[in-house]
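The block underneath contains the structure these notes are about, expressed in structure tokens.
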Amino acid sequence: MSIAPTSDYTIPTKDTMNQGVLLEKKDDLRLVEIPIPEPEAGHVQVQVKCTGICGSDVHLWKYGEIGIFPVSRPQLLGHESAGVVTALGEGVTTLQVGDRVAIEAGIPCSQCTQCMNGRYHLCPDVIFKSTPPYDGQLARYITHPARWLHKIPESISYGEGALLEPLSVAIAALDRVGVKFGKSLLITGSGPIGLLVLAVAKATGVYPIAITDVQQHRLDYAKKMGATFTYKVNPTKPELETVKEVRALFSPAGEEEGAEYSLECTGVESSFRTAIMATRDAGTCCLVGVGKNDQTIPVNNFAMREVDIRGLFRY
């Protein structure tokens, strides 16, 4: 067996311990010892080097659910991961031991109508790691289909490799609304996804870009990343006053036209309402963040202004 030119991995032996972060139930998180999995045909074993903590992991831990997915049994968390291949299952020819890889957490059926039309993230039978009831990747060793592993070069760190999953969400969000070079964009929420959306939008040539948040230090960071405008949300301020001020950011002459495109990255109802109303007539607003299942939105406001409302599911 040929070995890739890297030595930052450990081939497991019978004495190697595998540990994982297990969510036993709501508010009950444990570090547990688990068996080292052996790769079946078409799969490889991966020594996980870095896993990001997604907001969905925190929601599962603290609330016992995320969106429409409740925790139904004990499960490992984590789906933003990168690592190194340590063993190959039968028939794997695209990877070799020692390859550095980013792990695509979703495993679709690759046969249904959605998959065949290129929307494999909407596959009704998709297995998405760490989404109930499936185990995640926050463990020392896991197995994964070789097809859904992506080689990364030495120039990309394992931390950066783990960020490719949320980066994919940001790219998909911009693609979902069709925002292009020279078009105005409102981002509500300066958390990890909001900041990644900002980074991708800047690289795309979107201008101007305004971003909101309730925390000033997040807005300060967003400004350093190149946001054209930042807006600190005051939860005690009347809703329509906030909307008016946000719309005015895109209309220096005072027309208060609003943003041509808006991406809501918090899932918070009040933020979604602001994003809708701050979107320009005939513009597009997309819900990126995951919040509560039922929310109240200003239907007449967006319907009578022909604002398109879109959803986004992962990437």
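Identify, please: which residue in the stretch 64-94 is part of a loop (DSSP other than H, G, I, E, B) and aliphatic (A, V, I, L, M) and is, among those, nearest to the chain's Cα centre (by Cα)?
By that ranking, first place goes to L77.
Residue-by-condition table, conditions (1) small (G, A, S); (2) in a strand (DSSP E or B):
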| site | (1), (2) |
| --- | --- |
| T242 | no, no |
| R247 | no, no |
| E260 | no, yes |
| T266 | no, no |
| A275 | yes, no |
| G283 | yes, yes |
| G291 | yes, no |
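Within the stretch 144-167, how many residues are small (G, A, S), surrounded by fewer than 17 Cβ atoms within 10 Å (Cβ to Cβ) and within 19 Å of the chain's Cα centre (by Cα)?
Total satisfying the criteria: 2.
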Which ones in the stretch 50-63 are surrounded by 14 or more Cβ atoms within 10 Å (Cβ to Cβ), in a helix (DSSP H, G or I) and not hydrophobic (A, V, I, L, M, F, W, C)? G55, S56, D57, H59
Among the residues of the stretch 36-49, which ones are open to solvent by 40 Å² or more (accessible area, probe 1.4 Å) and within 22 Å of the chain's Cα centre (by Cα)? K49
Write out, first by first residue and then by second, each pair whose Cβ atoms fall under 7 Å of each other, whose residues are 6+ apart or on separate chains, and whose first residue, in the stretch 192-215, is over 14 Å from A275 (Cβ atoms) and in contact (Cβ under 8 Å) with a residue 40 or more places away in the chain while the second is in a helix (DSSP H, G or I) and not acidic (D, E). P192/P166
Are any of the residues in the stretch 293-305 outside any helix (DSSP H, G or I), open to solvent by 80 Å² or more (accessible area, probe 1.4 Å) and polar (S, T, N, Q)? yes
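In this structure, is E33 under 20 Å from R100 (Cα atoms), open to solvent by 80 Å² or more (accessible area, probe 1.4 Å), out of contact with any Cys (no Cβ under 8 Å at 6 or more places or on another chain) and modelled with pLDDT of 95 or more?
Values: under 20 Å from R100 (Cα atoms): no; open to solvent by 80 Å² or more (accessible area, probe 1.4 Å): yes; out of contact with any Cys (no Cβ under 8 Å at 6 or more places or on another chain): yes; modelled with pLDDT of 95 or more: yes.
So E33 does not fit the description; no.
The values are calculated or read from the model by the stated rules, or taken from the named source; none is laboratory data. Only a predicted model underlies this, so the values are computations on that prediction, with no experimental measurement involved. A quick note on method: Cβ atoms are made from the backbone with ideal geometry, for glycine too, and the neighbour counts reach across all protein chains shown. Surface accessibility is based on the protein's heavy atoms, side chains included, excluding ligands, DNA and RNA. Shrake-Rupley method; radii C 1.70, N 1.55, O 1.52, S 1.80 Å.
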